[in-house]
1. Take the conditions farther than 28 Å from Arg230 by Cα, touching a residue at least 40 places away in the same chain (Cβ under 8 Å) and open to solvent by 90 Å² or more (accessible area, probe 1.4 Å) and apply them to Glu102. Does it pass?
2. Between residues in the stretch 210-239 that are at pLDDT below 95 and assigned to a loop (DSSP other than H, G, I, E, B) and residues that are among the small types (Gly, Ala, Ser) and buried (at least 18 other Cβ atoms within 10 Å of the Cβ), which pairs lie under 7 Å by C-beta distance while being six or more apart or on different chains?
3. Restricting to strands (runs of 3 or more DSSP E) lying wholly in the stretch 118-170: which have 2 or more residues that are touching a residue at least 24 places away in the same chain (Cβ under 8 Å) and either farther than 29 Å from Lys98 by Cβ or touching a Pro at 6+ places or on another chain (Cβ under 6 Å) (or both)?
4. Residues that are at pLDDT 90 or above and under 30 Å from Arg358 (Cβ atoms): does the stretch 296-304 have at least one?
5. Which is within 30 Å of Glu332 (Cβ to Cβ) and either among the aliphatic types (A, V, I, L, M) or surrounded by 15 or more Cβ atoms within 10 Å (Cβ to Cβ) (or both), of Phe439, Phe444, Phe420, Phe429?
6. With respect to Ile62, is the statement that it is at pLDDT below 95 and not polar (S, T, N, Q) true?
7. For residues that are open to solvent by 90 Å² or more (accessible area, probe 1.4 Å), over 30 Å from Lys147 (Cβ atoms) and either assigned to a helix (DSSP H, G or I) or touching a Ser or Thr at 6+ places or on another chain (Cβ under 9 Å) (or both), tally how many sit in the stretch 47-81.
8. Can Ser488 be described as within 42 Å of the chain's Cα centre (by Cα) and either surrounded by 13 or more Cβ atoms within 10 Å (Cβ to Cβ) or under 30 Å from Thr7 (Cα atoms) (or both)?
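The values are calculated or read from the model by the stated rules, or taken from the named source; none is laboratory data. This structure is a prediction, so every number in the text was calculated from the model and none was measured. Reconstructed Cβ throughout: ideal geometry from the backbone, glycine too, with neighbour counts over all protein chains shown. Heads up: the accessible areas ignore ligands, DNA and RNA and are worked out on the full protein's heavy atoms, side chains in. Shrake-Rupley method; radii C 1.70, N 1.55, O 1.52, S 1.80 Å.
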Amino acid sequence: MADFLETFNAHIHGILHGFDRIIIKGHIPHLYYGNNFYYFLNQEGIKLKDFKDYVIKVSTGIKEGLETYIKENDCYKEYIRKQGISKEEMAKKILQEKDIREGLICALTSVEPCYALSIEYNRQTQKLEKSTQYRKCLHYYLYYMDKDFGFMHIRLQTWFPFHIQIYINGRSYLMQQFKKQNIKYSSYDNSITWVEDLEKAQKLSDKFHEKKWYGVFDLMAKRVNNFTPRIEQIFGGHAYKWIIEESEYASDVMFKSLEHLQRFYPYFMEYASLCQMGHNIYTFFGRKLHGHCKGETVSDRKYFWSQGFRVKFALDKNFIKMYDKTSVLRIETTINNANAFKIRNPDPTGNKKWVPMRKSISNLYRYAEIAKASNLRYLNSLNSVNRNNDLDKRIEKLCNRVETKISKKANSKPRIYSGFNVLSDYSCFIFNAISHGSFKLRGFQNKELRFLLIELGAISKNQARNVKKISGQITRLIAKLRAHKLVSKLPKTNRYRVTQKGEEIIARILLFKKLDLRFC
């Protein structure tokens, strides 16, 4: 597949890759392992029957510490009673009004549901035991303009076991680095529309996932939770463990102007929402589609008033999105389910092996690798809508017969192969079939193509009963596709795959049928 940057080089400044929104969650794992919870209470000198009073005392101490911290910073504080109010928008409004350059912007509190550790009576064992409850408690939202991360916030659960959630934005972080390095840039919202030195900007962006953020997040935890040092004292210096709850990695294609983007974006959008089926996501995520796949693929298109269209594909709770922000075309991969991907880790014997990826903050580099590769696969798939090539002439040639030799045998002779009626229903069924997402990586065989054409309705079930006849027709059809160079044979196999030329031609034909003729 041709490179997107090469295809549209005349219209864009370049592509900037990097993290966008990241949600880091901090929890205290030692409280859940074995009898550590009871060991913790024993070190505190607390009996199980007194646990509730103990938690109220600790929670009150944390709240008092936060109130003191808020007063010292002389920032705005408000309790949010109503649901549906955007705390982030409130914080941004305060930031703009007070023109805060660095430090704590505001503190917002609200009562929200959470998972908490508690003590319950077990009727079977007739003993008090540890349990997990779903309850409500007071949460603090502390919004900052950080010197490194820019606009960010910390969410603290004030009831045991005091979970912490840290929201950071990779683009906001990058803008802060630009200011430190005196690199000129322009931006809209959280997207960078132009940067003076793109190569240096990309290096700064890549450094984000190379850094070890454990220490930074530990300091943040101690800043908002004054009980953290006591937890570390009991568990030998260990308190919060940091995991990646959710991450968004964006590839921003910076077009030279809004007009340049608007020239192509309608075609990108229609191609993505009409020609790319849900199963294509397997290809974008670098996965093979086979009979044992259980993941559900979903594609949808949504219009955001005054902002434009967004196309989104979903697979196993992970997403690929495409949308426009002024002159920027953004391709964004969101990873919620890390287990859907693999990471190379050593086993106990020291040998490297591929295992399901976990959410540890140490895997941030692998999140970046996977998401960037997904974004590039998706971007390169959009090359098929390039309207500045000679596709029309090539489609015209596809309608004419061709004389060629597809066999490499020395005694074989050239044969004449008929052309395609490219707008006929049958031809479009064929084009849809060979472009199926399950064939993107491993190609297709005669039998697989035959079954898919039956499923699409190109071959009736009565015709399909004569397997020998239909198999011969598919063989001749594949030879015809090869003669017109729409598909090529994979070396040392009986499998075939759509060529780059074939993808471009088929995409243009199907796009025309779907947009203008309302078919397919």
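1. yes
2. Ala239/Ala221
3. Output list reads 127-146.
4. no
5. After applying the criteria, what remains is Phe439.
6. no
7. Looking only at that region, the number is 5.
8. So Ser488 fits the description; yes.
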